[in-house]
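Visitor: For reference, the structure I am asking about is given below.
The values are calculated or read from the model by the stated rules, or taken from the named source; none is laboratory data. Model, not experiment: these values are computed from the prediction. Because the Cβ atoms are built from the backbone with ideal geometry, glycine has one as well, and the counts that use them run over all protein chains shown.
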Amino acid sequence: MDCELIKQILPAYVKHSASEESAKEVESHLCVCHQCRDYLSKIIDKPFTPPKENKEPVTADRGLTFWEYAVLATAIFILCFFIFLFIKG
Ligand SMILES: [Zn+2]
């Protein structure tokens, strides 16, 4: 998917009104494209952070520890790396 198309979807993505499929396309594109990340940052006026998975009430009220953040960040990095490899073929 190319940048122009992503930029058209991004406003809907920010408002959570994009389809699930579009949202996934946007997320995988954002992993590999810093231009679109910059564009998204301008729209939402803050740096892009990938959405957290599994928003469980139990973990929500105590927050994450440093090591949980570290593991989460590593997992996201590995995910992005594999998506990048996949796109590169
Ligand atoms: Zn892009």
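Here's the yes/no breakdown for (1) over 15 Å from MET1 (Cα atoms); (2) modelled with pLDDT under 85; (3) not β-branched (Val, Ile, Thr):
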| site | (1), (2), (3) |
| --- | --- |
| VAL14 | yes, no, no |
| ALA23 | no, no, yes |
| CYS31 | no, no, yes |
| GLN35 | no, no, yes |
| ILE43 | yes, yes, no |
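Visitor: Out of the residues in region 12-25 that are farther than 19 Å from LEU85 by Cβ and not in a loop (DSSP other than H, G, I, E, B), state the one that is farthest from the ligand (Cβ to nearest atom). Let's see the steps before the verdict.
Guide: Residues of region 12-25 farther than 19 Å from LEU85 by Cβ: 12-23.
Retained after the next criterion (residues that are not in a loop (DSSP other than H, G, I, E, B)): 12-14, 20-23.
Values: ALA12: 16, TYR13: 13, VAL14: 15, GLU20: 20, GLU21: 17, SER22: 14, ALA23: 15 Å.
So the residue we want is GLU20.
Visitor: Determine, yes or no, whether LEU5 is touching a helix residue (DSSP H, G or I) at 6+ places or on another chain (Cβ under 6 Å), hydrophobic (A, V, I, L, M, F, W, C) and part of a helix (DSSP H, G or I). Step through it out loud before you land on a result.
Guide: Numbers: touching a helix residue (DSSP H, G or I) at 6+ places or on another chain (Cβ under 6 Å): no; hydrophobic (A, V, I, L, M, F, W, C): yes; part of a helix (DSSP H, G or I): yes.
Criteria not met by LEU5.
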